[in-house]
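Participant: One structure follows; several queries about it will come next.
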Amino acid sequence: MTENNLPVNPNIINDGEDIILDIRENTRQTEKQSQNLTLKDIFDNVNKWVITHSPIPLSDKLLFFELFAAVVNAGIPISEALQLLQNQIVNEHLKIIVKDIHHRIRDGESLAEAMLAQGTVFDDATCSIIHAGEKSGKLTEVLKELVSQYEQMSTIKKKVKSVMMYPIIIIVVMALLSVVVLVFVVPKLLELFQDASNLPLPTRMLIAGNEMLTQHWLAIILSISTALGTFFFWKSTKSGSYIWSNLMLSTPVISDFVRRIVLSRFSRIFSFLISSGVPIIEGLKISAHATGNPVYQKKLLLTAKDLAKGIEISENFSDDERLFPKMLVSMLNIGEKTASIGPVLEKLADYYDEELNRKISTISKLMEPVILMIMAAGAVFLILAIYLPILQMNDKVIG
């Protein structure tokens, strides 16, 4: 017995030591686990990070909605449909997303809430349309409409890519050929004309290009990389994105192209949101974010605020003809007066889609002669740079 007649428990005399020993053992186990981390574990962790941070192509989203709409239309519950689709999806990132949506729905969340929790994978417009479909009991019809919208977006994206791919390939090939000429052909010319004076301007430009490329190649690569990195970082900022979008909308030819894409998407999404039972003000806000263009987004959000004050959409659009053509404003005005904004916007979307297709076809046809002219100019420049000094030397020999 000790003081105060309290019994001493022998089992707790070494408690402090036991705790210290336990901590040491846990520390040793952690160190041992970190030491046992194999190259395969590191690779798997890196691979998982890359998969979860990689963007999901529009074509994969389209395939997901097509399969999802077909399965739900067959009468299979949403939770089971998502579980079934996990084995059908090829994209690993999308597979992880669908698995997470399935778990969230099983825990009691709605489909729209589960999709909204996936960050930027599904935009606000898609989630709002799904929410409207769940609320109205027309999820199957909504999914079919989403498939139609994603098909339209995918078609436009493919057409734009096909138009841009041809000039990009030509420019890259020309750049590579220029490097080959400057690195391998120009040194031979220097050996041939090293004693020559008063070389023609094209030849002197080639020689200057060779010196710059061979002596300052690292500085050139660093400068280009820094410039591109700075540009893309600036473009990703809020102010930079707005300025760039404004510039695109002020550039001839490109502005018309961008305007048609944005108005087509806005008209189709806004039309479907209204038809799905989404309030007009809320639908206007969602459509603003869905346009993907900061200039239009700002204008549409201001329009939503003015609409809440009683100012009509067409009246708001009429003060900026650069963004909203007179025809769109007039048709919207008619739609507001006759309470048929949805059908009017749907017709406008079809019209802008047709106009966009014509514009893409026209640009594709105009691009071919322009590229041929650039290639011809480059070929003429090389011929002059190589043959003019030879002709000068011949004149001197004959003279």
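Here, each number is a calculation from the coordinates, and none is a lab measurement. Since the structure is predicted, the reported quantities are computational estimates derived from the model, not experimental observations. Neighbour counts run over all protein chains shown; Cβ positions are idealised from the backbone, glycine included.
Participant: Between Ser54 and Glu312, 0.36 nm times their residue separation minus their Cα-Cα distance comes to what?
Facilitator: Details: separation 258, 0.36 × 258 = 92.88 nm, distance 4.16 nm.
Residue separation times 0.36 nm, minus the Cα-Cα distance, leaves 88.7 nm.
Participant: Quick one: Karplus J couplings for the stretch 307-324, per residue in order, coefficients 6.51, -1.76, 1.60, θ = phi - 60°, nearest Hz, x for Gly and Pro?
Facilitator: 5, 5, 8, x, 7, 5, 5, 4, 5, 5, 6, 5, 8, 9, 5, 5, 8, 10
Participant: Related question: With +1 on each Lys and Arg Cβ and -1 on each Asp and Glu Cβ, and nothing else charged, work out how big the dipole of the stretch 217-370 is about its Cα centre, in Debye to the nearest 20. Kindly include the intermediate steps, with their values, before the conclusion.
Facilitator: Values: 18 positive and 15 negative charges, 70 e Å.
Dipole of the stretch 217-370, to the nearest 20 debye: 340 debye.
Participant: Here is a further query. Can you work out the FRET efficiency for the pair Asn246 and Glu354, with r the C-beta to C-beta distance and R0 = 25 Å, to the nearest 0.05?
Facilitator: 0.40
Participant: Okay, next question. Compute the FRET efficiency between Leu190 and Ile96 as 1/(1 + (r/R0)^6), taking r as their Cβ-Cβ distance and R0 = 56 Å, and round to the nearest 0.05.
Facilitator: Values: r = 58 Å, r/R0 = 1.03.
It comes out at approximately 0.45.
Participant: Can you tell me the length gained on complete extension of the stretch Lys305 to Leu177, counting 0.36 nm per residue apart and subtracting the Cα distance?
Facilitator: Details: separation 128, 0.36 × 128 = 46.08 nm, distance 5.52 nm.
Here the answer is 40.6 nm.
Participant: For the stretch 104-153, which GluC sites (Glu not before Pro) pass both filters: DSSP loop (anything but H, G, I, E, B) and at most 16 other C-beta atoms within 10 Å? Intermediate values should be presented prior to the final figure.
Facilitator: Details: sites: Glu109, Glu113, Glu134, Glu141, Glu145, Glu151; in loops: Glu109.
Those that pass, being in a loop and sparsely packed, are Glu109.
Participant: Here is a follow-up. Quote the FRET efficiency, to the nearest 0.05, computed for Ser148 versus Thr237 with a Förster distance R0 of 51 Å and r equal to the Cβ-Cβ distance. If you can, show how the numbers build up before the last one.
Facilitator: Values: r = 34 Å, r/R0 = 0.67.
My answer for the efficiency is 0.90.
Participant: While we're looking at this one, here's another question. Going by how many other beta carbons lie within 10 Å of each one, how would you line up Ile156, Ile96, Ile171, fewest first? Each step should come with its number before you reach the end.
Facilitator: Details: Ile156 19, Ile96 16, Ile171 12.
Ascending Cβ contact count within 10 Å gives the list Ile171, Ile96, Ile156.
Participant: Taking neighbour Cβ counts within 10 Å as the exposure measure, how do Met115, Met174 sort from fewest upward? Show your work: numbers first, answer last.
Facilitator: Details: Met115 22, Met174 15.
Going from least to most buried by this count: Met174, Met115.
Participant: Sticking with this one: Listing Tyr150, Tyr352, Tyr242 from the residue with the fewest other Cβ atoms within 10 Å to the one with the most, what is the order?
Facilitator: Tyr242, Tyr150, Tyr352
Participant: In the chain, with Lys and Arg counted as +1 and Asp and Glu as -1 at Cβ, which of these residues, Ala377, Ile311, Leu249, has the Cα nearest the positive end of the dipole, that is, farthest along it?
Facilitator: Farthest along the dipole direction, towards plus: Ala377.
Participant: Now for a separate question. How large is the convex hull of the Cα atoms of the chain per residue, expressed in Å³ as a whole number? Working shown, then result.
Facilitator: On the way: hull volume 125.5 nm³, N = 399.
Roughly 314 Å³ of hull volume per residue.
Participant: So which of Lys157/Lys326; Lys61/Lys158; Lys157/Lys359; Lys61/Lys359; Lys61/Lys299; Lys48/Lys99 end up more than 18 Å apart by C-alpha?
Facilitator: Values: Lys157/Lys326 27 Å; Lys61/Lys158 15 Å; Lys157/Lys359 14 Å; Lys61/Lys359 26 Å; Lys61/Lys299 29 Å; Lys48/Lys99 15 Å.
Cα-Cα > 18 Å for Lys157/Lys326; Lys61/Lys359; Lys61/Lys299; rest within.
Participant: How far is it, in nm, from the label point at Leu39 to the one at Leu366 when both lie 7 Å from their Cα along the line to the Cβ?
Facilitator: About 5.5 nm, to one decimal.
Participant: May I pose another question? So what's the Cα pair-distance distribution over the stretch 56-150, bin width 5 Å, in %?
Facilitator: All Cα pairs, binned at 5 Å, distribute as 2, 14, 26, 32, 21, 4, 0 percent.
Participant: If you average the sequence gap of Cα pairs under 8 Å that are 6 or more apart and divide by the length of the stretch 152-399, what percent do you get for the contact order?
Facilitator: Values: 161 pairs, mean separation 61.2, N = 248.
The value is 25 percent.
Participant: Ranked from highest to lowest mean number of other Cβ atoms within 10 Å per residue, what is the order of the peptides 328-339, 209-220? Display every interim value, and only then the final one.
Facilitator: Values: 328-339: 15.8, 209-220: 12.8.
Highest to lowest by the protection proxy: 328-339, 209-220.
Participant: If I model a spin label at Glu80 and Ala376 as a point 7 Å from the Cα along the Cα→Cβ vector, what separation in nanometres do I get?
Facilitator: Each label point is offset 7 Å from its Cα along the Cβ direction, giving 6.7 nm.
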